[in-house]
Amino acid sequence: MTGNDISGTPPGDLRGRLLRADALHAPAMGEVEALDGALFDIDGTGALAAVLRAGTDAHAQALAGAGGRLVTASSGTVLLPGLVDLHIHAPQYPQLGTALDLPLEEWLMEYTFPLEARYADTAFAGRVYGQLVRDLLSVGTTTAVYFATIHDAATCLLADICLSAGQRAFVGRVAMDHPDTCPPDYRDDSPAAALAGTRAVIAHIRDHPDNVDARVRPMICPRFVPACTDALLAGLGALAAETGVPVTTHVSESDWEHDHVYDRHAMSDTESLDRFGLLRPGSVLAHGCLLSESDMRRMAERRTGVAHCPLSNAYFAGAVFPLRKALGLGLGVGLGSDISGGPAATVWETARQALVAARMLESGTDPELPPDARSACPEARIDAATAFWLATAGGADVLGLPVGRLAPGQRFDALLIDPAARLGGLAAWGLSGPEAPVRRLERLLYGTARANIAAVWVDGARVAGAS
Ligand code: GUN
Ligand code: FE
């Protein structure tokens with residue numbers, strides 16, 4: 001092949017270059033498109049100006065005129081869109097993989113609030129957040145939605161770290177002031193204090209001199225209804241309307257949470273958030289395991305989407321999110337790792353669990369029941385193409401961002417997978433000869449390990465990669 005080989009040649013900045021690669025993506029739910037030998041024309045700002053398929057006149061002409069702009073991916077590698085993680089608690093990274101032995105409301109009090117309180121120390125925050133952002137980029141999470149803590153300085157620092165590391169991110173300063181559900185040493189002193197802090201963080205992110213292209217954006221972040229007074233929820237709703245900043249919070253995650261809102265407000269969690277003006281376009285509600293059909297319709301109408309967090313749900317929810325039903329009702333859905341309620345810091349693992357959870361919802365789990373009575377939800381399964389779509393375009397659509405697909409007009413946020421990488425998880429790749437695109441995507445979904453991720457780009461700039 002001609003051109004520069006990019007595997008092993010950092011920095012690999014692709015802005016202004018013409019990349020030739022074999023690519024796969026899932027541009028629509030359940031659909032896989034292979035772009036073998038295609039040319040990806042990346043403009044000087046990191047947008048995909050054109051995607052030219054092999055065998056077309058346009059491809060031949062672009063190749064002939066490319067000159068020094070051409071960069072060719074090594075033979076055998078596969079280009080994919082970057083992954084979107086819709087729900088991450090950045091401060092919980094130090095307890096990843098531990099402390100999942102208690103129900104949600106006890107887990108918060110016993111482990112999580114004491115850990116989050118430590119982010120009053122910005123030096124500690126800097127160490128954790130720096131490591132987290134680097135680790136997430138290296139597994140291919142090019143877009144992240146972060147909950148931080150109630151600390152303004154540490155939250156601003158998380159946004160700064162995303163900016164300097166090159167990650168696309170939404171960052172929320174957590175608001176929580178309810179004296180009955182939040183401990184005295186980890187809660188906002190008043191609704192006014194939480195609102196002032198939220199405003200300060202929004203201004204910091206929007207006015208940051210390195211953020212001219214708004215690659216990092218603020219979110220308004222009530223922790224969840226149980227942790228917030230009505231005055232705070234109303235204030236945050238008004239602030240969202242005033243600033244146009246989208247909202248992220250938790251909704252109908254567990255029976256305890258779901259029942260708490262019914263007891264307090266005599267309506268569902270979704271109806272309550274809506275009443276406070278917190279269901280807004282581009283907003284993300286995590287979990288939603290216990291959403292009713294009318295809750296789902298209401299969210300879809302408001303163009304608020306769900307972060308499906310199947311790993312976390314196995315520990316805290318007591319139910320499986322009815323993903324197929326939600327998608328069928330037109331609700332926007334993407335995936336959330338829910339670090340650290342979910343014990344894996346990667347969307348790859350989350351996508352695999354989304355597949356498994358949907359299969360088990362369909363098959364049922366009680367061996368005492370006969371097979372024809374065992375299913376909890378017929379036709380609940382999803383395929384690998386849908387799982388990958390959720391991890392990329394599905395999540396991007398919830399946020400309203402032009403990422404998640406390898407198509408003209410999108411930002412060039414992408415990964416290069418090397419199936420032959422030593423210590424990778426794709427040893428069987430190619431042993432059986434040429435395969436249909438959906439089979440190749442299945443293998444990638446189940447087998448990709450960190451060592452297989454040779455390069456990661458956001459806006460065409462190299463931000464991570466094994467080599
Ligand atoms: N609900 C309120 N806070 C949290 C949290 O930190 N994690 C999860 N999974 N649910 C929550
Ligand atoms: Fe969460």
Would the range 290-300 turn up any residue that is open to solvent by 10 Å² or more (accessible area, probe 1.4 Å), closer than 19 Å to GLY82 by Cβ, more than 16 Å from ligand 2 (Cβ to nearest atom) and touching a Gly at 6+ places or on another chain (Cβ under 8 Å)? no
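Every residue, every condition in (1) in contact with a strand residue (DSSP E or B) (Cβ under 8 Å, 6 or more places away or on another chain); (2) among the β-branched types (Val, Ile, Thr), yes or no:
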position	(1), (2)
ALA351	yes, no
THR365	no, yes
ARG411	yes, no
ALA420	no, no
ALA428	no, no
PRO434	no, no
For the structure I just gave you, tell me whether ALA326 is in contact with a strand residue (DSSP E or B) (Cβ under 6 Å, 6 or more places away or on another chain), open to solvent by less than 10 Å² (accessible area, probe 1.4 Å) and in a helix (DSSP H, G or I). yes
How many residues does the range 251-270 hold that are outside any helix (DSSP H, G or I) and under 14 Å from MET296 (Cα atoms)? 4
Residues that are open to solvent by 50 Å² or more (accessible area, probe 1.4 Å), polar (S, T, N, Q) and either more than 30 Å from ALA451 (Cβ to Cβ) or within 26 Å of the chain's Cα centre (by Cα) (or both), drawn from the range 38-77: THR45, THR56, GLN61
Only one of (1) within 25 Å of the chain's Cα centre (by Cα); (2) within 16 Å of ligand 2 (Cβ to nearest atom); (3) not aromatic (Phe, Trp, Tyr) is not met by PRO218, so which one is it? (2)
Whichever residue in the range 304-318 is surrounded by fewer than 22 Cβ atoms within 10 Å (Cβ to Cβ) and at pLDDT 95 or above and, among such residues, is nearest to ligand 1 (Cβ to nearest atom): TYR315
Taking the condition more than 19 Å from VAL145 (Cβ to Cβ) and either more than 16 Å from ligand 2 (Cβ to nearest atom) or hydrophobic (A, V, I, L, M, F, W, C) (or both), does ALA240 pass? no
Which condition number does LEU285 fail, the rest of (1) surrounded by 17 or more Cβ atoms within 10 Å (Cβ to Cβ); (2) more than 14 Å from ligand 2 (Cβ to nearest atom); (3) outside any loop (DSSP other than H, G, I, E, B) being met? (2)
Tell me which residues, restricted to the range 329-345, are surrounded by 24 or more Cβ atoms within 10 Å (Cβ to Cβ) and over 17 Å from GLY288 (Cα atoms). SER340
Out of all the residues in the range 91-150, which are in a loop (DSSP other than H, G, I, E, B) and either more than 16 Å from ligand 1 (Cβ to nearest atom) or within 30 Å of LEU79 (Cβ to Cβ) (or both)? LEU96, ASP121, VAL139, GLY140
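Residue by residue, here is whether (1) modelled with pLDDT of 95 or more; (2) hydrophobic (A, V, I, L, M, F, W, C); (3) farther than 30 Å from GLY332 by Cβ holds:
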position	(1), (2), (3)
ASN4	no, no, yes
PRO11	no, no, yes
HIS25	yes, no, no
ALA34	yes, yes, no
ASP57	yes, no, yes
ALA60	yes, yes, yes
SER75	no, no, yes
Here's a check for you: in the range 173-216, which residue that is of a type in the set (A, V, I, L, M) and assigned to a loop (DSSP other than H, G, I, E, B) is surrounded by the fewest Cβ atoms within 10 Å (Cβ to Cβ)? VAL212
Quick one: what pairs do we get from the range 259-287, first residue at positive phi, second assigned to a helix (DSSP H, G or I) and away from ligand 1 (no atom under 16 Å from the Cβ), C-beta under 7 Å, 6+ apart or different chains? GLY277/GLY237; GLY277/ALA238; GLY277/ALA240; GLY277/ALA241; GLY282/LEU399
Residue among LEU273, LEU233, LEU278 that is under 22 Å from GLY336 (Cα atoms) and part of a helix (DSSP H, G or I): LEU273
Just checking, how many residues over the range 81-108 are farther than 19 Å from VAL171 by Cβ, exposed (fewer than 15 other Cβ atoms within 10 Å of the Cβ) and not small (Gly, Ala, Ser)? 4
Would you mind finding the one in THR142, THR122 that is touching a residue at least 40 places away in the same chain (Cβ under 8 Å) and either within 29 Å of ALA461 (Cα to Cα) or touching a helix residue (DSSP H, G or I) at 6+ places or on another chain (Cβ under 7 Å) (or both)? THR142
Out of everything in the range 252-277 that is within 16 Å of ligand 2 (Cβ to nearest atom), over 18 Å from ALA314 (Cβ atoms) and within 24 Å of the chain's Cα centre (by Cα), what residue ends up being surrounded by the most Cβ atoms within 10 Å (Cβ to Cβ)? LEU273
Pick out the one residue from ALA384, ALA351, ALA380, ALA357 that is at pLDDT 95 or above, open to solvent by less than 70 Å² (accessible area, probe 1.4 Å) and within 30 Å of PRO218 (Cα to Cα). ALA351
Counting just the residues of the range 334-352 that are of a type outside the set (Ser, Thr, Tyr) and under 11 Å from LEU390 (Cβ atoms), which one comes out nearest to ligand 1 (Cβ to nearest atom)? GLY336
Within the range 339-361, can one find any residue that is part of a strand (DSSP E or B) and either touching a residue at least 40 places away in the same chain (Cβ under 8 Å) or more than 16 Å from ligand 2 (Cβ to nearest atom) (or both)? yes
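The values are calculated or read from the model by the stated rules, or taken from the named source; none is laboratory data. Small disclaimer: the values here were computed from a predicted structure and weren't measured. Here Cβ is always computed from backbone atoms with ideal geometry, including for glycine, and neighbour counts include all displayed protein chains. Just the protein is used for accessible areas: all its heavy atoms, side chains included, with ligands, DNA and RNA removed. Shrake-Rupley method; radii C 1.70, N 1.55, O 1.52, S 1.80 Å.
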